[in-house]
There are 2 protein chains.
Amino acid sequence: MTAPNWLYENFEPAGSSIGYRITRKLDEVQSPFQKIEVYESTDWGNLMLIDGAMMLTTRDNFLYHEMMSHPALFTHADPKQVVIIGGGDCGTLREVLKHPGVQKAVQCDIDEQVTRMAEKYFPELCESNGDPRAELLFDDGIAYMKNAAPGSLDIVIVDSTDPVGPAEGLFNKAFYEFCFRALKDDGILVQQSESPLVLLDLIKEMRGEMGKAGFKTFKTLPFPQPCYPTGWWSCTLARKSGGFDFRENDAAAKTFDTKYYSADIHRGAAVAPPFVAAALGE
Amino acid sequence: MTAPNWLYENFEPAGSSIGYRITRKLDEVQSPFQKIEVYESTDWGNLMLIDGAMMLTTRDNFLYHEMMSHPALFTHADPKQVVIIGGGDCGTLREVLKHPGVQKAVQCDIDEQVTRMAEKYFPELCESNGDPRAELLFDDGIAYMKNAAPGSLDIVIVDSTDPVGPAEGLFNKAFYEFCFRALKDDGILVQQSESPLVLLDLIKEMRGEMGKAGFKTFKTLPFPQPCYPTGWWSCTLARKSGGFDFRENDAAAKTFDTKYYSADIHRGAAVAPPFVAAALGE
């Protein structure tokens, strides 16, 4: 490859593409589950791709990691027990552990190689891995949730790749039933839910499966994420009952720094644009 | 070109790229000012490119056009006289004319070919061109603002291409001074202000130039825009004095449809994420 060059991810389901100007490939490993590549870019720091799909860049991952964690943790009254399914780059774990009330955060990613690559090429995301409240498991997330003690968890964050390949089983009723059982009555399930512009059908389907598993209320929060298709992404929160009012005062007075998340951003993201509200029947 | 194929815009200043899967080129014209191309895509309707830069797609242009118009018009107490500099695709004009209080909306784009292409390939954006309140001029926007009667306008919307090429003169103190003079004391200047993630320096510079021209208060509103670099874009509002509280009740009770804009979205966009607020000194 001659440098600099352009590396594209053509996202076939939406007919759109995201690309970056890269200077060189830093690493590549074929794990038992997927191909992981890391590139150095001219403007975005390092990029990680899994099976050809952009997973994160040094420059913009804060958007996703902050929005996958803080809205749920500030919606729950007092989150202590958190499980992250997937999330092998450890960025979501780092955000979760910023909450002083969290007593334990388990990260269960099936692919240890993702974490090894993150330690090497995104060390800032792994800076909380040594926190005594953190537990890193490399195992099947579906089995982990199946075996979790009923009513033991406050928050489950499904920080996975797209619903194809290894992550496919994380988007259906069977898996959501395990989550439902493992969560306490006031618990919250969070899942990355793709682009609200082009994948609204997927969000509807996901909510439908969550509903079949027993979840009663849902909230989809959009946020910018340049390295994902369309540059506009979302997470979806689900509860057994109750709404999504959040601890606004606590969020406004939080004792840790964030770059994107704030009480105001949370409030703004919680109101769907008209076309999204119409599609989701909100 | 074999179909389907991928068409990319490599955005050199940020080292990122946006692309679409296209089926064929529908048209191409070299105007005296720029090269305009229109492609048909598999998932995004038609695409218009100017000098190789994505300008709009059928599918996602509503985001930009709604956010370039409604926040300013609902911030002004009673906007009657509106001028759009650029905006040749007529999408912003259509949104402006949705406000029943607007008495006149002048669109002044230097390149008539942009409007001709829009009429042909984006007819839905041109559906208000025959409104008796609309006036379409094909002339130099800088000269138009220079010659505008002092204190005659409520809103000036600068809906231009990037600050290179024909639009370069729309991003400096000299042009902003014309806008300042033409606006009434409670008038509002709106300008598309690029990506808040990668082009914060440009937003700061633009605000600086606006300030040198006399504008005193500023508000940058981010919004998703998949066809522009990083998929996250912004507009910046400037006033001679006063703040950016908006007519929330009127916006909530508006008599026309929008797909993205709402009073809630406006309120949410008006609060900068922490990293943007820090960079802009808000």
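The table below lists the values:
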{"quantity": "Global geometry of the protein assembly as shown, whether rounded, prolate or oblate, following the gyration tensor of its Cα atoms and the 1.5 cut on a/c", "calculated": "prolate"}
{"quantity": "The range A:6-57, relative contact order in percent, only Cα pairs under 8 angstrom and at least six apart counted", "calculated": "25"}
{"quantity": "Protection-proxy order for peptides B:121-129, B:26-34, B:59-67, each taking the mean of Cβ atoms within 10 Å per residue, highest first", "calculated": "B:59-67, B:121-129, B:26-34"}
{"quantity": "The range A:92-240, dipole about Cα centre (Lys/Arg Cβ +1, Asp/Glu Cβ -1), debye to the nearest 20", "calculated": "640"}
{"quantity": "Helix axis angle, B:61-75 relative to chain B longest principal axis, alpha carbon, degrees", "calculated": "10"}
{"quantity": "Beta bridges per DSSP with both ends in chain B, % antiparallel, nearest 5", "calculated": "65"}
{"quantity": "Inter-copy separations for A:Asp186, label at 7 Å along Cα-Cβ, nm, ascending", "calculated": "4.7"}
{"quantity": "At 7 Å out from Cα toward Cβ: A:Glu12 inter-copy label distances (nm, ascending)", "calculated": "3.4"}
{"quantity": "Prolate/oblate/rounded call for the range B:6-57, Cα gyration tensor, a/c under 1.5 rounded", "calculated": "oblate"}
{"quantity": "Radius 15 Å from Cβ of A:Leu97, net charge of other residues (Lys, Arg +1; Asp, Glu -1)", "calculated": "-4"}
{"quantity": "Degrees separating the helix B:112-121 axis from the principal Cα axis of chain B, which is the longest one", "calculated": "60"}
{"quantity": "Accessible surface of the range B:145-282 [probe 1.4 Å, protein heavy atoms]: carbon and sulfur percent", "calculated": "50"}
{"quantity": "Magnitude of the charge dipole, chain A, Cβ model with Lys/Arg +1 and Asp/Glu -1, debye to 20", "calculated": "600"}
{"quantity": "Reachable lysines from B:Lys216, criterion Cα separation under 25 angstrom, eight or more residues apart if same chain", "calculated": "B:Lys80, B:Lys146, B:Lys173, B:Lys184, B:Lys204, B:Lys240"}
{"quantity": "Shielding by partners, peptide A:260-273 (average Cβ within 10 angstrom, other chains)", "calculated": "5"}
{"quantity": "The range B:183-282: trypsin sites (Lys or Arg not before Pro) falling in loop per DSSP and having at most 13 other Cβ within 10 Å", "calculated": "B:Lys216"}
{"quantity": "Accessible area (Å², per residue) of the range B:170-282, counting only protein heavy atoms and a probe of 1.4 Å", "calculated": "35"}
{"quantity": "Separation of alpha-carbon centers, the range B:214-282 and the range B:150-180, rounded to whole Å", "calculated": "19"}
{"quantity": "Three-way shape label, the range A:207-282, alpha-carbon gyration tensor, a/c 1.5", "calculated": "oblate"}
{"quantity": "Peptides B:98-108, B:144-154 ordered by average Cβ neighbours within 10 Å, highest first", "calculated": "B:98-108, B:144-154"}
{"quantity": "Beta bridges by DSSP in the range A:112-260, antiparallel share as percent, to the nearest 5", "calculated": "70"}
{"quantity": "The range B:48-63-the range B:75-141 distance, computed between alpha-carbon centres (Å)", "calculated": "17"}
{"quantity": "Charge dipole (debye, nearest 20) of the protein assembly as shown; +1 at Cβ of Lys and Arg, -1 at Cβ of Asp and Glu", "calculated": "1120"}
{"quantity": "Fraction of beta bridges assigned by DSSP in the protein assembly as shown that are antiparallel (%, nearest 5)", "calculated": "65"}
{"quantity": "Mean accessible surface per residue for the range B:1-138, computed with a 1.4 Å probe while every protein chain stays in place, in Å²", "calculated": "34"}
{"quantity": "Other-copy label distances relative to B:Gly208, 7 angstrom Cα-Cβ extension, nm", "calculated": "5.4"}
{"quantity": "Average Cα contact separation per residue, chain B, under 8 Å, 6 or more apart, as relative contact order %", "calculated": "17"}
{"quantity": "Crossing angle, helix B:200-212 versus chain B [Cα axis fit, 0-90 degrees, rounded to tens]", "calculated": "40"}
{"quantity": "Neighbourhood charge, 14 Å Cβ-Cβ cut-off, centred on A:Glu124 and excluding it, Lys, Arg +1 and Asp, Glu -1", "calculated": "-2"}
{"quantity": "Partner chain coverage, peptide B:187-199 - average Cβ within 10 angstrom", "calculated": "1"}
{"quantity": "Amide H contacts of B:Trp233 (H built 1.01 Å from N, under 5 Å, at least 5 apart or other chain)", "calculated": "B:Phe223, B:Gln225"}
{"quantity": "Averaged over A:274-282, number of beta-carbon atoms from partner chains that fall within 10 Å", "calculated": "2"}
{"quantity": "Net +/- balance of residues flanking B:Gln192 in space, Cβ distance below 11 Å, scoring K and R +1, D and E -1", "calculated": "-3"}
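The values are calculated or read from the model by the stated rules, or taken from the named source; none is laboratory data. Nothing here was measured: the structure is a model prediction, and the numbers come from that model. For neighbour counting, all protein chains shown are included, and Cβ atoms are generated from backbone atoms with ideal geometry for every residue, glycine included. For the accessible areas, the whole protein counts, side chains as well, though only heavy atoms, and no ligand, DNA or RNA atoms are used. Shrake-Rupley method; radii C 1.70, N 1.55, O 1.52, S 1.80 Å.
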